[in-house]
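Each remark here refers to the structure printed beneath this line.
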Amino acid sequence: MNKLVSIIVPCYNQAHFLSEALKSVLNQTYTNWECIIVNDGSPDNTQEVAKSWCTKDKRFTYVEKENGGLSSARNAGVEGSNGEFILPLDADDIIHETFLEKLVPVLNQNKNLAIVSCYSNFFTDTIENVIHKQKPVGTTYHALLYENIMMATSLYRKSCWETVGGYDENMKSGFEDWEFWLAITKHGWEFKFVEEFLFYYRKSKKSMLTDTLKSHLEANMSYMYKKHKEVYIAQYDTTLDYLFHIIKKHRTSEMTIKNSFEYKIGRLLTKPFRLFNNLLK
């Protein structure tokens, strides 16, 4: 059961959080791990922080590369890893001290599993300040088609990474982990959730996820649908129902805004400017 786990920690402009993440690695009760810190061309003091941890414990190693995005950084870390199992960990997140102790045996004992994840706490500032709890359910790719129910920090077999060719480096604006999980599981591999809250996801006002949802949602979903069109075509009716549900949801939201008192006041106040603009045209 004593499998070597390679923990991959990409870092870009997150040096101020990095030590918290690495401390949670060092505190693991399961001790057979290596941790590869990947500096993805970060302009902050990531190098200084990372190297200080490498002096504390020889299981920490440091890799530096030109900025290429999250997928590129994870791939660089996995490529240089020695473990049979891989755990991505973003530099601003935290794992419970028993994370590996609880997840490694589950993945090791079931050859049908490609990925093992767990329940998640979303927090701000400190892990005691939990603002949301996530308890996902699912075992096959069908549960991943329309929503990413699995956190990026999930334990998986390195052989699966090799089979699908790693993380898609074309996905530079988010959802790369979602696409990666789908690429693996559509081949028949299964996943499982350990029903314990062992992962802490830092929720911040400004993050890659919030930017993705705000600016890149449609483009990323379109990319995934086209890349994995065979699984979406196989679920043709469900896919159409989902897309029309999204359209209806957006239209309802738009109408709610337009019918709001604030919107009507805004329209009234800007009416002279619109009239003036029309005269100029």
Could you run the Karplus curve 6.51 cos²θ - 1.76 cosθ + 1.60 with θ = phi - 60° over the range 58-70 and give me ³J(HN,Hα) per residue in whole Hz, x for Gly and Pro?
5, 6, 8, 10, 10, 10, 10, 8, 5, 4, x, x, 4
Given a cut-off of under 8 Å on Cα pairs at least six residues apart, what relative contact order in percent is computed for the range 5-206?
26 percent
Could you list VAL104, VAL38, VAL194 so that the one with the fewest beta carbons within 10 Å of its beta carbon is first and the one with the most is last?
VAL194, VAL104, VAL38
Paired Rg and Dmax values of the range 5-206, which use every Cα atom, in angstrom:
15.7, 44
Once both label points are put 7 Å beyond Cα along the C-beta direction, the THR238-THR124 separation in nm becomes 3.5 nm
Tell me, what HN-Hα J-couplings in whole Hz come from the Karplus equation 6.51 cos²θ - 1.76 cosθ + 1.60 at θ = phi - 60° for each residue of the range 109-116, using x for Gly and Pro?
8, 10, 5, 7, 8, 9, 9, 10
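The numbers here are math on the coordinates, done by the rules we state, and not lab data. Please read all numbers here as calculations on a predicted model, not as lab measurements. Please note: Cβ atoms are built from the backbone with ideal geometry, for glycine as well, and neighbour counts cover all protein chains shown.
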